[in-house]
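Every read-out reported here was derived from the displayed coordinates using simple, explicitly stated rules and does not represent laboratory data. Source: prediction; values computed, not measured. Here Cβ is always computed from backbone atoms with ideal geometry, including for glycine, and neighbour counts include all displayed protein chains.
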Amino acid sequence: MTDPATGLAAFADKVVRVGPARRTANKQVGRVKRAFAWAVAEELIPARVHEALDRVAGLRQGRSAARETPRVRPAPDADVEAALAHVPPAVGAMVRVQRLAGCRPHEVVMMRGAEIDTSAADWEYRPASHKSEHRAGDDRAAQDRVIFLGPRAQAVLAPFLADARGGYLFSPRRAQRERVRVRGLSGPGSPRGEHSGVGGYRQEVLRGCDRAGVRRWVPLQLRHAAGTAIRKRFGLERAQAVLGHRELGVTQVYAEVDRDAARAVMAEVG
């Protein structure tokens, strides 16, 4: 897995070379605004300071010199299958589960056996924390993110679930101990974390793409692919339920519009 410090240095070097993207710049401005809002709530600064700052508009598309980033597209199935042959078993399992369940990268790397209810036919994975929980306020039902795992995902997870004994399913430390045992090495191997990080997961996927000689894709594109497939077969509202979005507009970002369906409709009525 990639050293976080190395990844941060590479990101900083990219920002210096090509400049921040417009969306990245707007996100950073938003973080500053939220920091000042917190300071007002804590009575550390006058409210008028945040009110003035809140009037600073974000950069608009086509109205600034900031570069635009391409829209994230679903990972092509053929490229995913090709890369799977060149990644470690745990990474391959994470890729398959994420593609099937539509979960976020951090939700799959942080999977723990204790958070997966296997008592029903469809398993239920409830992450200890998730991206949108802070938006739910006191609504406990909205705070509770549930990821349903069907038969295909269960088959992928079963051996990892048995080894984890309630702990992290994709533990680099446990995988390293197993490699040492299988190879008959005398030492314990290099110490590794109890769970993978999103950055390390991403780097393993990119290395797999390079080894397979296919176009690079990243774990987030697996979520887009799942959302697109679910929307195409079951509709937007069910895609929203699976992806865990509170608003349909967010789901539209993740689920590509089915242009084949639109083309068929226009062939009939247009």
Ranked list, fewest to most other Cβ atoms within 10 Å of each Cβ, for F234, F36: F234, F36
Radius 13 Å from Cβ of H86, net charge of other residues (Lys, Arg +1; Asp, Glu -1): -1
Most to least packed among 165-172, 46-53 [average Cβ atoms within 10 Å]: 165-172, 46-53
